[in-house]
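**Student:** Sharing a structure, written as structure tokens. Questions coming.
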Amino acid sequence: MITLDKKTGINLKKGASIKLEKEGTRLRQICIGLNWGAIHKKGFFRSLTGSNTVSVDLDGAVSLFAGNQLTETIYYQKLVSYNGSIRHSGDDLTGDLDGDDGLDNEVITIDLPQIEPHVDTIYIYLNSYKGQDFGEIPYSKVRIYEGTPDYVNEVLATFNLSVDDKFKGFVSMMMGKLTRTKGNRWEFTALGEPLSPRKIPQIETYLRQQIHQPR
């Protein structure tokens, strides 16, 4: 887990975008921090189990596209991209058991200049491994920051998703996407949409067939 400093960056709304640069200079390495809470039950569940907390195993993933071609997906079963430009910190199996602790449960590190030149879009999403409903998970957040998995230099933007009726019944969620723009620059767009597929391989197919529309 990664300790974050007090800077919060821009609090993005759904559909908003930010350029991944600072004072006109393109950023080199960014981190995508993913954070979520455990489920807290009440009443009869607690009397049966002796606890009111249920761990949540969400899996953060990124899928890379070159035009209309899916090139690879980085997640808990593949922690490093083919050329090493993207690295996943590993699988978190529980979420925040004691409430939001200001830590990222999973971090995906991206070396922007090293991304293969034909890749133009990177989708960022969450999948509930155990099929736990997003309508019950108290929060899911994505944070874009400059730094490393062990050190936060500056938070660029946050995108917070609290319990919303539109996520009820879904176990997969699109957080956002990175898009390569003119001049080999990158921008992040907050999406915040439920996805109907229930497993990461199914999400890959759904992205190819339903979501990704190459420019």
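**Student:** Taking the chain as a Gaussian network, where each spring joins two C-alpha atoms under 10 Å apart, which residue of 67, 24, 95 fluctuates the most?
**Tutor:** With Cα springs under 10 Å in the chain, the top fluctuation among 67, 24, 95 is at 24.
**Student:** If I model a spin label as a point 7 Å beyond the Cα along the Cα-Cβ vector, how far apart are those points for residue 193 and residue 14 in nm?
**Tutor:** In this crude label model, residue 193 to residue 14 measures out at 1.0 nm.
**Student:** Over the chain, what is the relative contact order in percent, taking alpha-carbon pairs closer than 8 angstrom and at least six residues apart?
**Tutor:** It rounds to 28 percent for the chain.
**Student:** Turning to a different aspect of this structure: Placing unit charges on C-beta atoms (Lys and Arg positive, Asp and Glu negative, everything else neutral), compute the dipole magnitude of the chain about its Cα centre in debye, rounded to 20.
**Tutor:** So the dipole magnitude of the chain works out to roughly 620 debye.
**Student:** For a 20 Å ceiling on Cα separation, which of these pairs sit above it: 13/199; 168/199; 78/168; 19/78; 42/141; 14/177?
**Tutor:** Where the Cα-Cα span goes over 20 Å, the pairs concerned are 13/199; 78/168; 19/78; 42/141.
The numbers here are math on the coordinates, done by the rules we state, and not lab data. Because the structure is predicted, anything quoted here is derived from the model rather than measured. Glycine gets a Cβ as well: all are built from the backbone with ideal geometry, and neighbour counts include every protein chain shown.
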